[in-house]
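Okay, so here's the structure we're looking at.
The values are calculated or read from the model by the stated rules, or taken from the named source; none is laboratory data. Not measured: the values here are computed from a predicted model. Note that we place each Cβ from the backbone using ideal geometry, even for glycine, and neighbour counts take in every protein chain shown.
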Ligand SMILES: Nc1ncnc2c1ncn2[C@@H]1O[C@H](COP(=O)(O)OP(=O)(O)O)[C@@H](O)[C@H]1O
Ligand SMILES: [Mg+2]
């Protein structure tokens with residue numbers, strides 16, 4: 001096997017890595033945002049429950065959670081390892097994203113909510129038009145960090161047999177006896193994915209930045 | 001004879017054991033400017049927040065235009081549309097331009113069509129002399145300009161009453177004048193206003209009535225002339241003396257400038 005087809009084989013796992021990330025990251029964002037809003041604005045019971053969710057999820061190694069969730073998810077509905085793994089990863093990241101969004105909501109000054117209510121907005125309108133637009137801007141830098149973690153953690157679905165980058169690197173390293181080359185190629189692809197993602201989010205953050213005098 | 005637009009009856013507010021104020025009575029006539037003065041921690045801000053229902057009072061009633069607004073079934077969001085509030089620290093929406101700040105309530109709360117809302121927002125900015133800053137974000141405006149936009153934002157809702165909570169306390173001395181100027185103009189135009197302030201020059205000149213609040217109750221109220229020159233209560237006299245000592249110098253400087 002020549003080097004080109006070797007690299008091509010590993011790189012063809014990239015589609016899986018990207019797909020897993022593109023499912024896990026947004027679903028984690030939706031769940032995380034809803035839970036963060038519930039935690040900040042909900043009643044005492046909801047506050048406790050969402051805090052408990054976050055504490056447990058973040059207190060376990062992602063790979064352990066992934067296995068547990070995988071068996072729950074694939075046990076209750078008939079899903080391929082790819083879908084079950086992606087959804088499970090989404091649940092893992094939702095807790096981290098919840099904390100990121102919660103932190104951002106809390107750092108939007110409490111006065112903003114009061115000012116919104118003072119002109120007659122209800123709570124939902126205030127959240128939608130005043131709190132969330134400011135939250136998004138504050139959340140991008142820490143969220144960029146979490147996006148990088150999810151890209152890297154997508155390699156965990158390897159353990160479920162999804163043929164993503166790491167899985168392919170492992171297979172080809174075994175068949176060619178070239179582990180260094182195989183894993184270096186995998187590392188390079190992960191690095192490029194993370195680098196491009198972080199740079200794009202940096203650019204987005206700059207574009208959304210609210211103009212102010214120095 | 002003007003009729004009361006806002007009536008506060010036996011209003012009481014507690015935070016746990018801490019009684020912030022107790023049995024407050026106050027009646028505000030249409031077009032009047034009432035200035036509320038008093039030491040810090042006395043419950044002035046809490047009183048204003050109770051009036052526009054940002055905080056729930058524990059007992060007593062508030063009436064706006066012959067309707068009780070403190071009833072259980074009252075629609076708080078509806079009531080707040082009719083009561084404008086200006087805060088000490090401006091609280092403009094940071095992610096919106098001056099124009100968008102003023103326009104948002106019109107489109108989202110009053111459901112005005114976009115073109116009308118735009119026009120009205122521009123008129124309100126013009127009213128506070130900031131039409132040329134319409135596209136600026138709060139972070140690009142001086143404190144005085146931010147406060148004037150905040151006033152325009154409240155005015156845009158066509159409130160029956162405007163509440164001001166120490167609107168100039170967070171401003172550098174040289175920026176206080178422009179905000180007081182806008183408020184003076186509003187008072188002349190007949191806006192009903194409740195103003196918490198330490199600006200005694202403004203109080204003397206613009207107030208129809210001054211209310212001295214201390215430790216959660218009204219110690220004395222009357223015309224500026226009564227309170228400044230013939231205070232009935234020793235505490236009123238002491239407080240006014242102290243506050244004039246503190247802020248008086250600035251006052252006269254502005255008067256000259
Ligand atoms: N959200 C709150 N929770 C508990 N106590 C409060 C709260 N807001 C105000 N207070 C108390 O109410 C009292 C009056 O405060 P405030 O209305 O801000 O006074 P002022 O505006 O006259 O300085 C203070 O003792 C303050 O500690
Ligand atoms: Mg106060």
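Condition test on residue B:140, is it within 14 Å of another protein chain (Cβ to nearest Cβ), surrounded by 22 or more Cβ atoms within 10 Å (Cβ to Cβ) and more than 16 Å from ligand 2 (Cβ to nearest atom)?
On the way: within 14 Å of another protein chain (Cβ to nearest Cβ): yes; surrounded by 22 or more Cβ atoms within 10 Å (Cβ to Cβ): no; more than 16 Å from ligand 2 (Cβ to nearest atom): yes.
No: the conditions fail for residue B:140.
If you check B:43, B:60, B:16, B:31, which single one turns out to be within 10 Å of ligand 1 (Cβ to nearest atom), in contact with a strand residue (DSSP E or B) (Cβ under 7 Å, 6 or more places away or on another chain) and away from chain A (no Cβ under 14 Å)?
Matching residue, one of B:43, B:60, B:16, B:31: B:43.
Collect the residues in region A:92-110 that are at pLDDT below 95, in a helix (DSSP H, G or I) and surrounded by fewer than 21 Cβ atoms within 10 Å (Cβ to Cβ), keeping them in residue-number order.
A:110
Is it the case that residue B:94 is within 16 Å of ligand 1 (Cβ to nearest atom) and within 14 Å of chain A (Cβ to nearest Cβ)?
no
I'd like the residue in region B:181-207 that is touching a strand residue (DSSP E or B) at 6+ places or on another chain (Cβ under 9 Å) and part of a loop (DSSP other than H, G, I, E, B) and, out of all such residues, is farthest from ligand 1 (Cβ to nearest atom).
B:191
Counting only residues that are over 18 Å from residue B:186 (Cβ atoms) and away from ligand 2 (no atom under 16 Å from the Cβ), how many does region B:157-170 have?
0
For residue B:101, work out the one condition from (1) without any contact (Cβ under 8 Å) to a residue 12 or more places away in the chain; (2) within 20 Å of residue B:179 (Cα to Cα) it doesn't fulfil.
Condition not satisfied by residue B:101: (1).
Restricting to region B:45-94, count the residues that are in contact with a helix residue (DSSP H, G or I) (Cβ under 9 Å, 6 or more places away or on another chain) and closer than 19 Å to residue B:154 by Cβ.
Going through region B:45-94 one residue at a time, the tally reaches 24.
So that you can scan it fast, the table gives a plain yes or no per residue for (1) at pLDDT 95 or above; (2) more than 30 Å from residue A:200 (Cβ to Cβ); (3) at the interface with chain B (Cβ under 10 Å from one of its Cβ atoms):
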| residue | (1), (2), (3) |
| --- | --- |
| A:118 | yes, yes, yes |
| A:122 | yes, yes, yes |
| A:125 | yes, yes, yes |
| A:128 | yes, no, yes |
| A:133 | yes, no, yes |
| A:139 | yes, no, no |
| A:142 | yes, no, no |
| A:147 | yes, no, no |
| A:156 | no, no, no |
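One residue is enough: does region B:74-83 have a residue meeting the conditions crowded, with 20+ Cβ neighbours inside 10 Å, under 18 Å from residue A:108 (Cβ atoms) and either within 11 Å of another protein chain (Cβ to nearest Cβ) or within 16 Å of ligand 2 (Cβ to nearest atom) (or both)?
For region B:74-83, residues crowded, with 20+ Cβ neighbours inside 10 Å, under 18 Å from residue A:108 (Cβ atoms) and either within 11 Å of another protein chain (Cβ to nearest Cβ) or within 16 Å of ligand 2 (Cβ to nearest atom) (or both): absent.
Failed condition for residue A:169, given (1) surrounded by 17 or more Cβ atoms within 10 Å (Cβ to Cβ); (2) within 13 Å of chain B (Cβ to nearest Cβ); (3) assigned to a helix (DSSP H, G or I), with all others met?
Exception for residue A:169: condition (2).
Filter region B:158-170 for residues that are closer than 12 Å to residue B:86 by Cβ and out of contact with any strand residue (DSSP E or B) (no Cβ under 6 Å at 6 or more places or on another chain); which is nearest to the other protein chains (Cβ to nearest Cβ)?
Residue satisfying both the conditions and the ranking: B:170.
For region B:171-180, does any single residue satisfy the condition of being in contact with a strand residue (DSSP E or B) (Cβ under 6 Å, 6 or more places away or on another chain) and either within 13 Å of chain A (Cβ to nearest Cβ) or away from ligand 2 (no atom under 16 Å from the Cβ) (or both)?
no
Residue check: is residue B:21 within 16 Å of ligand 2 (Cβ to nearest atom), in contact with a helix residue (DSSP H, G or I) (Cβ under 7 Å, 6 or more places away or on another chain) and either more than 17 Å from residue A:121 (Cα to Cα) or within 14 Å of chain A (Cβ to nearest Cβ) (or both)? Working first, answer last.
Values: within 16 Å of ligand 2 (Cβ to nearest atom): yes; in contact with a helix residue (DSSP H, G or I) (Cβ under 7 Å, 6 or more places away or on another chain): yes; either more than 17 Å from residue A:121 (Cα to Cα) or within 14 Å of chain A (Cβ to nearest Cβ) (or both): yes.
For residue B:21, the condition - within 16 Å of ligand 2 (Cβ to nearest atom), in contact with a helix residue (DSSP H, G or I) (Cβ under 7 Å, 6 or more places away or on another chain) and either more than 17 Å from residue A:121 (Cα to Cα) or within 14 Å of chain A (Cβ to nearest Cβ) (or both) - is met.
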